[in-house]
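Notes for the one structure printed next.
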Amino acid sequence: MLEKGPKAKFTVCVEGNIGSGKSTLLEHFSKFDDVEVLQEPVEKWRDVRGCNLLDLMYKDPCRWAHTFQAYVQMTMLELHLQSTQAPVKLIERSLYSARYCFVENLYKGGKMSSAEYSVYCEWYKMITQHLNVNIDLIVYLKTDPKKLYKRIKERSRSEEQAIPFQYLEALHNLHEGWLTEKKYPLPAPVLVLDANDNLSTMYKKFEEHTSDILCQKLVEQRS
Ligand SMILES: Cc1cc2cn([C@H]3C[C@H](O)[C@@H](CO)O3)c(=O)nc2[nH]1
């Protein structure tokens, strides 16, 4: 998984709050053979040698948030380092949203001690300074937390059913702070898509923005 190999010429990270439609966007792009889609390894987080860290984190965040986020950081690093033959690599979320959205939210919400937060940030600094985790574009699916709350209920992923609305709102504000107000370092330019529409409108929007997302030269090669 970590072998040195050809790096994609163009790496895109799809960012957005819980339930913002990232998997729908990734599905749209998985049909292109010049795009390798790397989904968020949620199944790994649900089964670490038999432990469901995702469930533990939601059930007792003070005890498990750091453990969970430390494992998320490792599994996201694997995606960033994964080599691919495809000219474009599309990753669901990133080391960056882990740090500036999810971990920031947990620390500000008192779910992580300052010692845990410091250890996490030291790892983040070392990883981003010494390893090639560069990306070329961020696609931000901007959504209204009220819509997300409804979608999460409909999607009914078991571990997420107890997520309070305030948690989604806090995560939304951190995504906005990072990606539109640029409060934290941005590793790449950001393409903001309004993801409040229904699925069919979203599909049309993804089609329209395909050339923006898949770097112009790739589209020219294909046509
Ligand atoms: C990078 C990153 C993704 C990610 C997802 N999650 C949670 C939100 C959702 O309930 C679930 C799947 O995205 O995992 C998290 O708590 N911290 C994260 N950090």
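The values are calculated or read from the model by the stated rules, or taken from the named source; none is laboratory data. Note that the coordinates shown come from a computational prediction; the quantities given were computed from them, not determined experimentally. Every residue, glycine as well, gets a Cβ built from its backbone with ideal geometry; the counts of neighbours run over all protein chains shown. Only protein heavy atoms, including side chains, enter the accessible area calculation; ligands, DNA and RNA are left aside. Shrake-Rupley method; radii C 1.70, N 1.55, O 1.52, S 1.80 Å.
Quick test of your reading of the structure: Val133 fulfils all but one of (1) open to solvent by 40 Å² or more (accessible area, probe 1.4 Å); (2) under 24 Å from Ala188 (Cβ atoms); (3) at pLDDT 95 or above; (4) not in a helix (DSSP H, G or I). Name the failing condition by number.
Among (1) open to solvent by 40 Å² or more (accessible area, probe 1.4 Å); (2) under 24 Å from Ala188 (Cβ atoms); (3) at pLDDT 95 or above; (4) not in a helix (DSSP H, G or I), the lone unmet condition for Val133 is (1).
Of all residues in the range 16-53, count the ones that are open to solvent by less than 10 Å² (accessible area, probe 1.4 Å) and farther than 25 Å from Ala195 by Cα.
Total meeting the criteria: 0.
I'd like to check something: does the range 99-115 contain any residue that is in a strand (DSSP E or B), within 15 Å of the chain's Cα centre (by Cα), closer than 21 Å to Glu15 by Cβ and in contact (Cβ under 8 Å) with a residue 12 or more places away in the chain? I'd like the intermediate steps shown before the answer.
Taking the range 99-115 and keeping what is in a strand (DSSP E or B), we get none.
No; the residues of the range 99-115 include none that is in a strand (DSSP E or B), within 15 Å of the chain's Cα centre (by Cα), closer than 21 Å to Glu15 by Cβ and in contact (Cβ under 8 Å) with a residue 12 or more places away in the chain.
Could you run through the range 25-72 and say how many residues are outside any helix (DSSP H, G or I) and either of a type outside the set (Lys, Arg) or farther than 30 Å from Lys9 by Cβ (or both)?
17
Against the conditions (1) farther than 23 Å from His66 by Cβ; (2) touching a Leu at 6+ places or on another chain (Cβ under 8 Å), where does Val133 fall short? Just the number, please.
Val133 satisfies every listed condition except (1).
Okay, residues lined up against (1) within 12 Å of the ligand (Cβ to nearest atom); (2) open to solvent by less than 10 Å² (accessible area, probe 1.4 Å); (3) closer than 16 Å to Met126 by Cβ:
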| residue | (1), (2), (3) |
| --- | --- |
| Arg63 | no, no, no |
| Ala70 | yes, no, yes |
| Met76 | yes, yes, yes |
| Ser97 | yes, yes, no |
| Tyr100 | yes, no, no |
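Just need a number here: residues in the range 173-215 that are open to solvent by 30 Å² or more (accessible area, probe 1.4 Å) and under 15 Å from the mean Cα position of the chain (by Cα).
The total comes to 5.
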